[in-house]
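Written below as structure tokens is the structure these notes are about.
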Amino acid sequence: MFTLNDNFCILPESYLFSEVARRINAFKESHPEADVIRMGIGDVTLPLCPAAIEAMHKAVDDESSSATFHGYGPEQGYPFLRDAISLHDYKNRGIDIDPSEIFVSDGAKSDTGNFGDILSADNTVAVTDPVYPVYVDTNVMAGRAGILADGAWSKIQYLPVTAANGFIPQLPEGDVPDIIYLCYPNNPTGTTLTRDQLKVWVDFALEHGSLILFDSAYESFIREEDVPHSIYEIEGARKCAVEFRSFSKTAGFTGVRCGYTVVPKELKALDKEGKEVSLNHLWNRRQCTKFNGASYVSQRGAAAIFTPEGQRQVKEAVDYYLANAKVLREGLAEAGMEVFGGVNAPYVWIKAPGGMSSWEFFDLLLEKCNVAGTPGSGFGPAGEGYFRLTAFNTLENTIEAVRRIKAASF
Ligand code: MLT
């Protein structure tokens, strides 16, 4: 009889956000009258901006005539989008990223999860803790994680980011990890690193031959000067880092799907014989085999956000969510809670009041206020006792959620 990839069998029963959704749905079933405000998964609520909608309508029309029809596109993405990304997200910021180093995809979740395909299963992995669960779960699938005990995987190095260290991950002591996942602005804590703080990691990776997988899905939320928009602002990062970006939170593409990954040409890894191989070359090989490109329609929509109109419109949407984050930050602080993040990010990270565990607070908040968030412990052991709320709901619901939380006086 055929057998399974056992790595999948040792995964926890469900993915964090599926479990959160399951519990909210169970609550809704037993309390059909409850008007639940969902601030759990970071899904956007504003519609796509008019520039993207117009471009996508036009792209659909292109598909209706044989003269303008597009079938399979380039696996790496259409030149019109790769060129626009290279110019607007990099060259205009003084960063040299060539279109050939950009791989358009259906989003950062798949790319951060899939990138491990081209890396040896023997590599050791470090993550900041708490962390976006995709990085950990996909390494479990690849056999790099060891066994799970007390919420932590034995072969993964967890680098705690908590109030105690100001949410700044400290360099690993002891074993040097081969692969380091960093996500800034951070999901789930909503905190950031300054250029100098990120440089510490780039220098470490260069010195020790580690690879940084840098998830920059929340880049468009950066408003403060000293927060780097790309890891390639740091000297030497082209030799040690891959960067993942997404149009999901920037431009409301959570449903439409489009993102991209930057794999610089200088980035090399060793094969079994000790020969240097280009990661750009191997990622391209992987994508050509396993991926047929993001749809023409989504890519036209994504390209439209780089027009002056599109830029203005997406900034307006991000500003709207950041205003929600401010309502959350200030309101929850007034309610006596310890609040972090939410300044350059759509996530607000709070300490569960009264020493409650993350899931205890999840249940109580849902029960008493009909507000759903995400328990911090679901993001890793150092998330225990914390809780995440997203700023992606409407302003009205955000204000209402804060009102209910204040009234509940935890
Ligand atoms: C989150 O809530 O952490 C994100 O929405 C999840 C994702 O982007 O996949």
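Quick look at the values:
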{"read-out": "Filtered residues of the range 21-44 (kept if within 16 Å of the ligand (Cβ to nearest atom) and of a type in the set (Asp, Glu))", "value": "Asp43"}
{"read-out": "Subset of the range 166-202 (residues that are touching a Pro at 6+ places or on another chain (Cβ under 7 Å), open to solvent by less than 30 Å² (accessible area, probe 1.4 Å) and assigned to a helix (DSSP H, G or I))", "value": "Leu198"}
{"read-out": "Per-region count, the range 304-313, residues in contact with a helix residue (DSSP H, G or I) (Cβ under 7 Å, 6 or more places away or on another chain) and surrounded by fewer than 23 Cβ atoms within 10 Å (Cβ to Cβ)", "value": "4"}
{"read-out": "Every pair of residues 6+ apart whose Cβ atoms lie under 6 Å, when the first sits in the range 86-107 and is under 19 Å from Pro74 (Cβ atoms) while the second is away from the ligand (no atom under 16 Å from the Cβ) and of a type in the set (Phe, Trp, Tyr)", "value": "Ile97/Tyr90"}
{"read-out": "Candidate set from the range 381-396 (those that are more than 16 Å from the ligand (Cβ to nearest atom) and assigned to a helix (DSSP H, G or I)); member that is surrounded by the most Cβ atoms within 10 Å (Cβ to Cβ)", "value": "Ala382"}
{"read-out": "All positions within the range 255-267 that are away from the ligand (no atom under 12 Å from the Cβ) and crowded, with 16+ Cβ neighbours inside 10 Å", "value": "Val256, Cys258, Tyr260, Thr261, Val262, Val263, Pro264, Leu267"}
{"read-out": "Strands (runs of 3 or more DSSP E) completely within the range 252-308 that count 3 or more residues being at pLDDT 95 or above", "value": "259-262, 276-278"}
{"read-out": "Only listed residue being more than 26 Å from the chain's Cα centre (by Cα) and open to solvent by 60 Å² or more (accessible area, probe 1.4 Å), chosen from Phe27, Phe69", "value": "Phe69"}
{"read-out": "Residue satisfying all of: in the range 72-104; open to solvent by less than 80 Å² (accessible area, probe 1.4 Å), in a loop (DSSP other than H, G, I, E, B) and of a type in the set (D, E, K, R); farthest from Tyr296 (Cα to Cα) among these", "value": "Asp98"}
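This table checks each residue for (1) within 16 Å of the ligand (Cβ to nearest atom); (2) basic (Lys, Arg).
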site: Ile212; (1), (2): no, no
site: Glu219; (1), (2): yes, no
site: Glu225; (1), (2): no, no
site: Glu233; (1), (2): no, no
site: Arg245; (1), (2): yes, yes
site: Phe253; (1), (2): yes, no
site: Asp271; (1), (2): no, no
site: His281; (1), (2): no, no
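The values are calculated or read from the model by the stated rules, or taken from the named source; none is laboratory data. Since this is a predicted model, take the numbers as computed values, not measurements. Counting neighbours? That spans all protein chains shown, and the Cβs are built from the backbone with ideal geometry, glycine included. Just the protein is used for accessible areas: all its heavy atoms, side chains included, with ligands, DNA and RNA removed. Shrake-Rupley method; radii C 1.70, N 1.55, O 1.52, S 1.80 Å.
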